């Protein structure tokens, strides 16, 4: 085995090395040069993405490390997307962290370890690797939620996240152990080969536990309890982080575990997911209506969107998975922008997380308001914005598999959902500013990034072809 | 070209911003006039001998879905495109001095909307049609919400959610047909064989979308709110163009795509139309608010459109006369064009009064003729047109529909003709209370007559109303082949 054969794993290897270097730099120079670590981190992400494009590209499925690790085009694309999303998230966050005096190197290191967890998860081909990725990502994120150590609510939500997350990890491990016990292998490909219908009750039990864990990670009802509290309690920059890149990882988790490893049990899990999706759509959309906190509202909107992603899996066809992938990428792009708006609208001592704070935003900052409007219409699924195509793809996949009732419920719920997105726009555009609020202050570069973010939502909406093709090609 | 010119100009006005609003205004006017000018050759070089789509444009859009950026014009879309281009000009002029807050965005919203509406009427790909159809909600939502009256937020959210609810089910139906037939081209949807059960569901999904837009009883309740709260320009576009999209949808999708279900459920639509014509007519009679009255009268008049479109099945069933069926559709189309002109003009008239007095209550007026004689003449003309006076465009459409429905059944035409009485009652009573009588209010006494801008706008509209009324032949001729083709599609069976 030559070193060169490890090339597909270059993102992970580079990132692990980068984390060590940045940690050392932070220890020796972090106190004196505050801006060093953030800059180094962004640099590392850019170089990492460059190396991935140069060396990490694989045209066909390659298995490395004795079957623990798989490199394929899907993984390649998802990793590049994760590089991009994490970089943008960190870019948006910097001023926010500075204002709250929590701009510390550890934050960036934690973000990078979370990213490493995402990569591991995306490329996992073995139950152990899956678990490794899940925990690496989750532990980094727990620490990030508690990062503002003086904030009681952040500590509370970190605790909640940790305890509930541990339960979910337990469920995942238990399900994995049952599957391992019944098939005698941890390798996802082998599991798929050895699981044959009819299934023993043990397999179904193990599957159930795994579905529960996946639902928890995605935030599907009734395993969504942690999500609104964590989104609201965490510092907004962390909410932005956990609301974006990890979703890609959890999409990959669902895809690798359910549609590859446990492919044989598709009839069983697709029923479970269908029930989860319906509950998720209804609870997410209806509960979002009564929220007064924008972060919490977006948390419920996340839950509602997860319902759509799960519907893509329910379809149970490659087309459905491609639809779910497309939906995930689009959702992450939009979430990145909407939490970015909250970050940019905040100021020292002002979180800008109440809906009231957005009254008359148009007058205070037209660009932010315009970007937010585009993002909200996109999540509501109105053309010409990209969110429309995401919903269309899901509907299409469901029709192809004759899920009439799911289409009807999803369509009705997207109308309910439109209401609270419109409410945000109404506050920004139709209402007068409530009180004297601090002006929005953000560096030109960050504003430009947000503008590009919103422009991408529009552009991908007008010309959706390429991304749709890409998603279909990645899932074959 | 007609689509992107206004949209591009709209973006340019937006970029010019409120500070350069003088330039922005002129640019908006130039763009809307240019669009109108460009639509004239469309009309003059239109080949009136064929039902095929003309001036086609076709570019690949989303190859994966076999969705094309495909445009084309036929006899039922052409009049509506020209109407759109024609009505946007007065709207731009009407907002000239009146809109003081964020004028750049106001013009931008209207121009972008004009482009999108033309897109709706010229799309020959169902996905593209839906794309324009839905995208248009965004500018309209903002127009009502930002420049509207006191209850604008309620009205605009109601408007948005109602239309959105209708359209998502249309989308679901379109996707279903795509999954079945593998193409979004409208022509292939029309050719797609469907069982009766499928047709019924698709018909109902489409009905929901178009009925909300038209709007038909009982999903009309968003319209009075939206009209009352919208600024004048918004009301004009809403009444003149957006309602027509619903009628256009019936002709373009419901009749040819689901002919058997349409035949089976035609009585449902006819009944709803007649309820709209009569019940809403009575409702209009008791309104205190001028805009609300005209809004209800719009619903009643649009009832004629849906009646004309669906009565064809009864005509064919009872007499077998295809020519009679064509007359029903002719009437529906003429009624759409004419209602677009008349209701737009009436809303402009109300806007003229509102700009001066800042009230829409009928009770606040009276004796306007004494202070604004020229305006009064226009208003009376449009009001008479609204009642269907011979010589005006209102007469042609209603007359054709009533004659056609007479062939179907005496009772349809009798009930439909009631509207002539009711329409005359509420419109003339409105005129009597607003225009004539003694001057009671000091605010009316201080009124000044039309300025040049308003004069030009109302003259142009009056000429159009009279022209369609006196000599509708060119309009009918343009529509003729397409209507014939449509009748054959609508009565053919897909089973």
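FYI, it's all coordinate maths here, none of it is from the lab. All of these numbers come straight from a predicted model, not from anything done at the bench. All Cβ positions, glycine included, derive from the backbone under ideal geometry; neighbour counts span all protein chains shown.
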Q: Evaluate 2.2 N^0.38 Å with N set to the residue count of segment B:154-216, then give the Cα radius of gyration divided by it.
A: 1.24
Q: Note down the relative contact order for chain B as a percent, whole number, built from C-alpha pairs under 8 angstrom at least six residues apart.
A: 16 percent
Q: From the C-alpha gyration tensor of segment B:295-335, pull out the three semi-axes of the equivalent ellipsoid (sqrt of 5λ each), sorted largest to smallest, in whole Å.
A: 22, 10, 4
Q.
Just to verify a number: FRET efficiency for residue B:470 and residue A:432, C-beta to C-beta distance, R0 = 45 Å, to 0.05?
A. 0.35
Q) Rounded to the nearest whole Å³, what is the per residue volume of the convex hull around the Cα atoms of chain A? A) 132 Å³
Q) Do the sum for chain B: with -39,500 (n - 2.57) for every DSSP H run of n ≥ 4, divided by all residues, what is the mean residue ellipticity at 222 nm, to the nearest 500 deg cm²/dmol? A) -24500 deg cm²/dmol
Q) How big, on average over all directions, is the shadow cast by the Cα convex hull of segment A:22-81, in nm²? A) 5.3 nm²
Q: Determine by what factor the alpha-carbon radius of gyration of segment B:253-302 differs from 2.2 N^0.38 Å, reporting the quotient.
A: 1.47
**Q.** Stokes-Einstein diffusion coefficient of segment A:1-46, Kirkwood radius over Cα pairs, 25 °C, 0.890 mPa s, in µm²/s
**A.** 209 µm²/s
**Q.** Sum of -39500 (n - 2.57) over DSSP H runs of 4+, divided by residues of chain A (222 nm, nearest 500)
**A.** -25000 deg cm²/dmol
Q.
Viscosity 0.692 mPa s, temperature 37 °C: give me the Stokes-Einstein translational D for segment B:207-350 in µm²/s, with Rh taken as the Kirkwood radius over C-alpha pairs.
A. 217 µm²/s
Q.
For segment B:3-46, I need the span (max minus min coordinate) of the C-alpha atoms along each principal axis, in Å, sorted largest to smallest.
A. 42, 16, 6
Q) Using only the Cα atoms of segment B:1-104, what do you get for the radius of gyration and for Dmax, in Å? A) 16.7, 50
Q: Quick one, can you get me the convex hull of the C-alpha atoms of segment B:358-446 expressed as volume per residue in Å³?
A: 94 Å³
Q) To the nearest µm²/s, what D does Stokes-Einstein give for segment A:250-375 at 10 °C and 1.306 mPa s, using the Kirkwood radius over alpha carbon pairs as Rh? A) 98 µm²/s
Q.
Can you tell me the mean projection area, over all orientations, of the convex hull of segment B:390-495's alpha carbons? Units nm², please.
A. 10.8 nm²
Q. How large is the convex hull of the Cα atoms of segment A:126-256 per residue, expressed in Å³ as a whole number?
A. 90 Å³
Q.
Could you work out the pair-distance distribution P(r) of segment B:307-409 from its alpha-carbon pairs, with 5 angstrom bin width and percents rounded to whole numbers?
A. 3, 13, 18, 16, 12, 11, 9, 7, 6, 4, 2, 0
Q: Largest first and to the nearest Å, give the Cα extent of segment A:271-316 along each principal axis.
A: 36, 13, 10
(Q) Can you divide the C-alpha Rg of segment A:339-476 by 2.2 N^0.38 Å and report the result to two decimal places? (A) 1.23
Q: Mind giving me the FRET efficiency for residue B:30 and residue B:98? R0 is 22 Å, r the Cβ-Cβ distance, nearest 0.05 is fine.
A: 0.70
Q) Under the definition of Cα pairs under 8 Å and six or more residues apart, what whole-number percent is the relative contact order of segment A:358-424? A) 30 percent
Q: Kindly give the semi-axes, whole Å and largest first, of the ellipsoid equivalent to segment A:4-141, taking each as the square root of 5 times a Cα gyration tensor eigenvalue.
A: 28, 15, 13
Q: Could you work out the Kirkwood radius for segment B:209-288, taking every pair of different alpha carbons, averaging 1/r and inverting it, reported in Å?
A: 13.7 Å
Q. Direction-averaged shadow area of the convex hull around the Cα atoms of segment B:32-168, nm²?
A. 9.7 nm²
Q.
Taking every pair of distinct Cα atoms and averaging 1/r, then inverting, what Kirkwood hydrodynamic radius in Å comes out for chain B?
A. 22.4 Å
Q.
As I understand it, the value is the acute angle between the Cα axis of helix B:410-434 and the longest principal axis of the Cα atoms of chain B; what does it come to in degrees, rounded to 10?
A. 20 degrees
**Q.** Under the Debye formula (equal points on every Cα, no solvent term), log10 I(q)/I(0) of segment A:78-189 at q = 0.13, 0.16, 0.24 Å⁻¹
**A.** -0.60, -0.83, -1.31
Q: Report the FRET efficiency, 1/(1 + (r/R0)^6), for residue B:488 and residue A:448, where r is their Cβ-Cβ distance and R0 is 51 Å, rounded to 0.05.
A: 0.35
Q) In whole Å, what three semi-axes, largest first, describe the equivalent ellipsoid of segment A:189-298 built from its Cα gyration tensor (square root of 5 times each eigenvalue)? A) 31, 16, 10
Q: May I ask you to derive the relative contact order of chain A, considering only C-alpha pairs under 8 Å and at least 6 residues apart, and to give it as an integer percent?
A: 14 percent
**Q.** Debye intensity ratio I(q)/I(0), log10, the protein assembly as shown, q values 0.08, 0.09 Å⁻¹ (C-alpha model)
**A.** -0.80, -0.96
